[in-house]
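One structure is given below, encoded as structure tokens.
No lab work stands behind these numbers, since they all come straight from the coordinates. Because the structure is a prediction, the values reported are computed rather than measured. Cβ placement follows ideal geometry from the backbone for every residue including glycine, while neighbour counts extend to all protein chains displayed.
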Amino acid sequence: MFRSWGMCALAGLIFFVDTTLAIGQTSCVAFKSSPATFPIVNNGKGTPILLSSDDWPGVQRAAADFASDIQKVTGVKPMLMNATTDKLPQLSSAIIIGTFNKSSLIQQVVQHANLSVADVEGKWEAFSAHEVKNPLPGISSAYVIIGSDKRGSIYGLYDHSEQFGVSPWYWWADVPTTTHSQLFVTSSGCAHGTPSVKYRGLFLNDEQPALQNWAMEKFTNGTGAALTNSPFNHFFYSNLFELLLRLKANYFWPAQWSSAFYVDDSLNGFIADYYGIVMGTSHEEPMARSIPVEWNLFGVGEWDYSVNADFIYEFWLNRTEEVKNFDTLFTVGMRGNGDLPLSQDGNIQLLGKIISDQAKIFTTVFNGTDIGEIPQMWCLYKEVEGYYDNGLRAPDYVTLLWTDDNWGNIRRFPLPSERNRTGGAGVYYHYDYVGDPRDYKWITSSQISKTHEQLSLAIDRQADRIWILNVGDLKPYELGIEFFMTYGWNASVWNPNNLDNFVTSWAQREFGLSSHDGATVTEIIANVTRWNARRKPELLNQTTYSLTNYREADTVLTNWEATSNASTRIYNALPSNKKAAFFELVHHPVQASFTLQNMWISSGLSALRASQARISANTYADQVEDLFEQDYQLEQQYHQLLNGKWDHMMDQTHVMYYYWQQPMANTMPPTTRVQAKKQALAGPLRVGIEGSLGAWPGDNPNQCALGYNCPPPTLTFDSYLPFGNRYIDIGAGGPNTFQYTITSNVSWLKLTTTSGTITKDTPDERIFVSVDWTKVTGVENASIRITANAAGQGSSSQSVNVVANHTVVPSDFHGFVEGDGVVSIEAAHTSRNTTIDGISWSELPGYGRTLSAITPWPRGGDEKNFTAGSGPSVEYDFYTFNSISGGGKVAVTTLVAPTLNGLGPDQRLKIAVQVDSLEPVTTQFIPAEIPGNVPPGWDGLDGFVANSIVSVPNTFNVAPGAHTLKIWMVEPTVIVEKIVINTGGLLTSYLGPPESVRV
Ligand SMILES: *[C@@H]1O[C@H](CO)[C@@H](O)[C@H](O)[C@H]1NC(C)=O
């Protein structure tokens, strides 16, 4: 049975219909005829498709895709022809496709059938499709797809293709098309209005080694572009732009680090415009020029506007001239060469002049056009946001592109005073990054729940003009990319409670799974992204997860293994034509992430076991070597799929970082070995206990402070241990086989085994010890003795002390009970929840590091806040037996998500925590940042984003007994994941103690 800690519940998922393949959109496709359907392909005959020769070439092109998509599904290719109203073909029915205000055929249909066009007229990227009777003279019925503009028509076509069964990823992720002999649309059809976000796009970035090496092999004859050696030519971009349009994206920032879009292939710009993609350039590449590549090729003098303005002006002017007839969204402003800040002095005045000179260029080039009509964007990235905060402004018509911190936390949302700009605002978001505290660019590591939380706030705060997503090499972020685009297309469809439906419908669309298996894939994806997001794989080390406390590393591996097995089960059961897609989209990320995690934990255990003089150190060392090979095998398997279609796509190094930047080679994590042919000085028997790094008998620095002459280990028990038991490890201290027996001096200790054999091939045995609480009153002591008999060596033994404390809560208490010296609570598990002004702390299912999170919802609009003690609150009843060092204090750590002070300097994130009727304590947990910088505590291997959590510490005077913890909303958008109350026993771990027992 596939069960794992932290996964979303199987029950409660709603499954979309099996027949149509839609993810959230209205569905209008059927595979059986009914009185309310119109035939696309019926009895082997395709209904002809009529276009107008005066429509956009990009619509003509997409219509050809539409016709071949129908052929992919049915085997029948419908006729596709231009029709003019004076020479209509003899047809009784047709599919008529065209753009409003562009296609003369559509104009004729509108007139002839007296069609209402309110749903497309004057709209941006809208479409409408339905059956029309007597659309044109002689045609009795047609299915008419009208776009409000070029992309409206294209999206209308691709929306149908997707529902027919052609995945947007049919080429990019090898998703096979499910075939049907009959294909219909509903007469009522489907429609979509203007998208929620106007420009929705991708940024291919840091594309070396994977994407670049792959593209070089697949799209060139081994040599790239003449000046740059870039492989990103129009063959590559044609494939990419089709994908973008099928995903209903419209905007694109090209690869830049060793490429220059308009220079690499003179057809690149034309192809983008022809397909219907609005071209941009990244935040640091003004005026459609690639920086640094083009500057390094063609620049004369310095990339410094204070000394080289004339040349740089010309450099920008020339490109603006070149692309003036293409759909372009110009980046304005300027950064230093190589994505670095401009030189330190006089930046604000200089940048002001740069922006006004760029306006001059637009005036010159687009002579006669209102320059406020030319799409322009100024990205407030890193230090540029600091200039903005210090007063620098761009013209009103320029879109302000706010950014995240490169780690998915948006730095600032538009304030009310910033929202009536005609240029509006947008967001630059990352799924992939090169920089501090460490690159993450290998594998999927972003949770949809988090993306939704941040972008829903962008919708709320009207940062909806541009959304651009940095996707590194594109693969393997397919699902995340699709969610980003789907959400930007229609934000009203998605909320925290139906995000699982998105993944389930995606899994059903891509792999044709049953709803049960679709839900399993949803859990797999939720697990992989959660576990890769709570610490990026690049940041893992030997002891990220505690090897001794809370069974943390063990649990991590057990859960990975269960998820891996679930994925393997589905992979094995899939028909062979679906295996490649499943491997790319699900199975490889699971296997590869599990392998890397296992490698690091095994590496840590090899070091720990060696320090304990246990020969199992070598078993773990061997395992690291095997896993290091397996990691390479998985990469190879990916590269060999479909005769090498994705060769190089997994070239990214990812094992063992030495600093923030990617390692030049994968390096095997350290292995530590003991001389297993020789017996340890302390004898064959090694004893370790849960919660300790030490080992007995003999000396070890972790046994006691002195490190020698230490007492035997002690196992402590109370009635509310989260696991209900403790373990003792019996290990081999050398090659000699021995028999062990375990005895205790009391009747109330239960052991899973009392005797066994340790050999060099089975060098570790884990024995679980529990207490029969019916036989223990108060605190009782006991002793366990482990005796080992090795042939020819006589016996040796080790004792373990036991202290059992029969803690008891009053029978009328309900809530969390202290166990093991802590109370640990998942934030969603409230005792009470109080709504104020319609706002309550609501669960964000699947969000965060362990289970889920809570946040005030709805967010309540601008400047909605409360003083501590007056707003929405959640309460948790808990019971304690101890306090820290018996001093009457407990430490309450509220673990919150590392979202930033995005509501502006006057509304920094705050939360208030209260115990019983003590004063609530308010904490502003993200310190104020220097303008343009990340806040103190953000960076470093133990910072907010590396740990993917922020701790809010408070101390309260709390006597043992029943209590209530309250968390108060002070500011919106605070996200609480977990609460840990330390009553004196808290041990180090990455995720905090497992949740306490709740009675
Ligand atoms: C329709 O006309 C356009 C413009 O002349 C042309 O490019 C296209 O190939 C024609 N389409 C078909 C299906 O004949």
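Taking 17 Å as the straight-line reach from the Cα of Lys360, the aspartates and glutamates in range (excluding those fewer than 8 positions away in the same chain) are Asp310, Glu314, Glu321, Glu322, Asp370, Glu373, Asp396.
Reported to the nearest whole Å, the Cα centre-to-centre distance from the stretch 668-700 to the stretch 286-340 is 63.
Distance between the C-alpha centers of the stretch 842-858 and the stretch 116-132? Whole Å please. Using only Cα atoms, the two centres lie 38 Å from each other.
Which length gain, in nm to one decimal place, applies between Ala705 and Ser492 when the Cα-Cα distance is subtracted from 0.36 nm times their residue separation? List each step's numbers first, then the result.
Details: separation 213, 0.36 × 213 = 76.68 nm, distance 5.99 nm.
The span from Ala705 to Ser492 would gain 70.7 nm if fully extended.
Subtracting the Cα-Cα distance of Ser951 and Asn666 from their residue separation scaled by 0.36 nm leaves 99.3 nm.
Angle of helix 305-322 to the longest C-alpha principal axis of the chain, folded into 0 to 90 degrees and rounded to 10: 60°. Each listed q (0.10, 0.13, 0.21 Å⁻¹) maps to a log10 I(q)/I(0) for the stretch 29-188 from the Debye sum over equal C-alpha point scatterers, namely -0.32, -0.55, -1.46. Calculated mean residue ellipticity, 222 nm, the chain: -8500 deg cm²/dmol, from DSSP H runs (n ≥ 4) at -39500 (n - 2.57) each, averaged per residue and rounded to 500. Taking the Cα of Phe366, stepping 7 Å toward and past its beta carbon, and measuring to each backbone N in the stretch 447-482: which are under 17 Å? Flagged as within label range: 465-466. Of the cross-linked pairs Lys123/Lys864; Lys102/Lys133; Lys77/Lys475, those separated by over 25 Å at the C-alpha level are Lys123/Lys864; Lys77/Lys475.
Among Cys704, Cys710, Cys28, Cys379, rank each residue by its count of other Cβ atoms within 10 Å, from fewest to most, as a rough exposure measure.
Details: Cys704 14, Cys710 18, Cys28 23, Cys379 26.
Sorted ascending by nearby Cβ count, the order is Cys704, Cys710, Cys28, Cys379.
Placing pseudo-labels 7 Å out from each Cα toward the beta carbon at Ser811 and Thr737 gives an inter-label distance of 5.5 nm.
If you take every DSSP beta bridge fully contained in the stretch 29-143, what fraction is antiparallel? Give it as a percent rounded to 5. Intermediate results must be reported in sequence, preceding the final value.
Numbers: 7 of 15 bridges.
Looking only at bridges with both residues in the stretch 29-143, the antiparallel portion is about 45 percent.
For a straight C-alpha distance cut-off of 17 angstrom, the lysines reachable from Lys978 (same-chain residues fewer than eight places away being disregarded) are Lys450, Lys910, Lys966.
Would you work out the charge dipole size for the chain about its Cα centre, treating the Cβ of every Lys and Arg as +1 and the Cβ of every Asp and Glu as -1, and quote it to the nearest 20 debye? Let's see the in-between values first.
Values: 67 positive and 97 negative charges, 389 e Å.
That gives a dipole near 1860 debye.
Positive end of the dipole of the chain (Cβ unit charges, origin at the Cα centre): among Val109, Thr363, Leu627, the Cα lying farthest that way belongs to Leu627. With neighbour counts taken as other beta-carbon atoms within 10 Å, the residues Leu539, Leu991 rank, fewest first, as Leu539, Leu991. Between 0 and 90 degrees, the angle of helix 588-611 with respect to the longest Cα principal axis of the chain falls at about 30 degrees. Excluding same-chain neighbours fewer than eight residues apart, the lysines reachable from Lys677 by a Cα-Cα span under 18 Å are Lys760. Other residues within the sphere of radius under 14 Å centred on the Cβ of Ala676, judged by their own Cβ, net out at +4 (K and R +1, D and E -1). Using Cβ point charges alone (K and R +1, D and E -1), the dipole size of the stretch 816-982 about the Cα centre works out to roughly 60 debye.
Relative to the dominant Cα principal axis of the chain, helix 552-573 is inclined by about 50°.
Can you tell me what the convex hull of the Cα atoms of the chain projects to on average, as an area in nm²?
Details: hull surface 179.2 nm².
Here the figure is 44.8 nm², rounded to one decimal.
By DSSP, the beta bridges lying fully in the chain are antiparallel in about 70 percent of cases.
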